[in-house]
Amino acid sequence: MNQYLTDQQQQILDYITHEIDNTGLAPTLHQIVYVLEIRSTNLVMNQLKVLEQKGWIMFDPFQSRGIRLTENIPSYRLTIYGSVEEGRIAFDRAV
C-alpha cells in the first residue's frame, strides 16, 4: 500500500479528518470542492478514489457523506495470559 500523498490529497484528507472530528460527519463532495476551492467535483472524486486505493479512506460514491477514515496503521495481535481487574492486567511472560 503506497501511503505517499500529494499536497492536494493531504489537504483533502486533512479536511475530511477535521470535519469528522468536529461534527461527527464526513463532508459532502460539494463541501470539499467549495471549502478547498477545487475546480471540479470530478477532480475531488478522482482524489478520493486514490485516497481509498492508498488505504486512507473507505469511499462510497453512492451515499451522501459516504467517506469513512481508516486507521492506516498496521494492526497487531496481543495475547494476554492472566486476568484483568480494575483496568490492570496481570500477566505471565510466555514466549
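The values are calculated or read from the model by the stated rules, or taken from the named source; none is laboratory data. Worth saying up front: this structure is predicted, and the values here are computed from it rather than measured. Note that each Cβ is placed from the backbone with ideal geometry, even for glycine, and that neighbours are counted across all protein chains shown. Note: accessible area is taken over every heavy atom of the protein model, side chains too, but ligands, DNA and RNA are not part of it. Shrake-Rupley method; radii C 1.70, N 1.55, O 1.52, S 1.80 Å.
Okay, residues lined up against (1) small (G, A, S); (2) in a loop (DSSP other than H, G, I, E, B):
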{"site": "I12", "(1), (2)": "no, no"}
{"site": "L25", "(1), (2)": "no, yes"}
{"site": "I38", "(1), (2)": "no, yes"}
{"site": "G55", "(1), (2)": "yes, yes"}
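Does V50 satisfy the criteria of being open to solvent by less than 60 Å² (accessible area, probe 1.4 Å) and either touching a residue at least 40 places away in the same chain (Cβ under 8 Å) or among the hydrophobic types (A, V, I, L, M, F, W, C) (or both)?
Yes; evaluated as a whole, the condition is true for this residue.
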